[in-house]
Amino acid sequence: MSGQASAAPLLELRQISRQFGGLQALSEVSFQVEQGEIFGLIGPNGAGKTTLFNLLSGVTPASNGTIHWRGQAMQGLSPDRHNRLGIARTFQNLRLFTGLSVLENVLVALHRQPQGGKLDALLNSSRFRRRQSELRERALQLLEELGLADQAHRQASGLAYGDRRRLEIARALATAPALLLLDEPAAGMNPREKEQLCELLAQLRQRHQLTLVVIEHHVPLLMQLCQRLAVLDFGRLIALGTPEQIQRDPRVIEAYLGGSR
């Protein structure tokens, strides 16, 4: 029994579909993501990529099919419950607290974890103060990893766009995820920043023992970064495999170049 449990993939989608009225956003999508993998998700605009992320993070329920986390079905769980299970995400449209400092943005995420008794906070006990100091050190460590430590006390609204992207990753890491969903992390970055991001994500995966699922329109970045990729087109999974297999797949070439459709 224990052997079966250990063999289960970290994440598995089984025949996932999602409808919005008459729109079929996803149709019978199935794939697995293994522990420690960097898995890419690509497809033309409107292919259903962000809808899929919304399902994986609990923002939107599936119309049909099941999502399994460590071998157990996740049905009807809130986004908060998904996060507590170990799933964190960033968004295509940044969702930072722009009125707070860079450090405070990360501290907000860290405070989502259990903090001990309310009485300690009310009395400002030594245990509470020690815990706050530990959280602050942890936040600064994450900012150091993301190259933002020197901007810790700057207001988030004043960051350059690429730095905002990295701050959102730091904030997601603050929830101590096992699976990190990145929605277009390289959007708005120049070629050098994209190269640095690719190196950073590989380092973060190793350092935090992460599994990554990445949506990205910059396909060369994913081809360099990922072990496997899934390709969506009009809500359907049309290809699944290694970067080499994806690059040679005629269905992928047709989806991106138009083919005879």
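The values are calculated or read from the model by the stated rules, or taken from the named source; none is laboratory data. Note that the structure is predicted; figures quoted are calculated from it, not measured. Note that each Cβ is placed from the backbone with ideal geometry, even for glycine, and that neighbours are counted across all protein chains shown.
Data table
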{"quantity": "Contacts under 6 angstrom Cβ, first residue in the stretch 175-186 being within 28 Å of P44 (Cα to Cα), partner hydroxyl-bearing (S, T, Y), 6 or more apart", "calculated": "L179/T211; L182/T90; D183/T90"}
{"quantity": "Within the stretch 172-200, tally of residues that are more than 11 Å from the chain's Cα centre (by Cα) and within 23 Å of L107 (Cβ to Cβ)", "calculated": "4"}
{"quantity": "Test: L222 is more than 20 Å from L96 (Cβ to Cβ), in contact with a helix residue (DSSP H, G or I) (Cβ under 8 Å, 6 or more places away or on another chain) and either part of a loop (DSSP other than H, G, I, E, B) or in the same structural domain as S57 (by TED's automatic domain parsing) (or both)", "calculated": "yes"}
{"quantity": "Selected residue (criterion: surrounded by the most Cβ atoms within 10 Å (Cβ to Cβ)) from residues of the stretch 74-105 that are small (G, A, S) and assigned to a loop (DSSP other than H, G, I, E, B)", "calculated": "G86"}
{"quantity": "Tally of residues being more than 17 Å from the chain's Cα centre (by Cα) and either within 23 Å of Q203 (Cα to Cα) or assigned to a loop (DSSP other than H, G, I, E, B) (or both) across the stretch 125-144", "calculated": "10"}
{"quantity": "Among (1) crowded, with 18+ Cβ neighbours inside 10 Å; (2) assigned to a loop (DSSP other than H, G, I, E, B), the one test that H217 misses", "calculated": "(1)"}
